[in-house]
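No lab work stands behind these numbers, since they all come straight from the coordinates. Being a predicted model, the structure only gives us computed values, none of them experimental. Here Cβ is always computed from backbone atoms with ideal geometry, including for glycine, and neighbour counts include all displayed protein chains.
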Amino acid sequence: MTRRTLIERAQAIFQIIEKVDEPFPKSKLQEVGLNPITAEKWLELITFIQRQPRIRLIKTKNTTIVDRTEKGYHTMSRDIFTDSTRSYKERYLALQDYLSALITSERLKE
């Protein structure tokens, strides 16, 4: 039996998340071979990463460069517009702010 790579494990987790339309217990991840302790660690890692600024990778012949595509304000705005506990108006305004800041930062890179 070959060990799955980290990417293969993450893909398996997200395949279950995509397949199930409602909240589910982490024990469901046993279907992809994750015990409850490992599943908990993976879920904590995923939620931590989802709160971080977005990045993109630029691969050259000899190296990989990490480019942060969001600054602190982008991350804060994204957190607000994806927060389902906030009002639609508040989320809409945060989305507008996010897009404006993103457009501005892209223009500054040109």
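Classify segment 6-50 from the C-alpha gyration tensor, please: rounded if a/c falls under 1.5, else prolate or oblate depending on whether a/b exceeds b/c. Rounded shape, in that the Cα axes give a/c under 1.5.
Peptides 31-40, 62-71, ordered by how many other C-beta atoms sit within 10 Å of their residues on average, highest first, read 31-40, 62-71. Straight-line cross-link partners of Lys41 among the lysines, defined as a Cα under 28 Å from its Cα and at least 8 positions apart when in the same chain: Lys19, Lys26, Lys28, Lys71. Kirkwood hydrodynamic radius of segment 55-109 from all distinct Cα pairs, in Å? About 12.6 Å, per the Kirkwood formula over Cα pairs. Working value for segment 2-86: equivalent-ellipsoid semi-axes of 27, 22, 10 Å, each the square root of 5 times a Cα gyration tensor eigenvalue, largest first.
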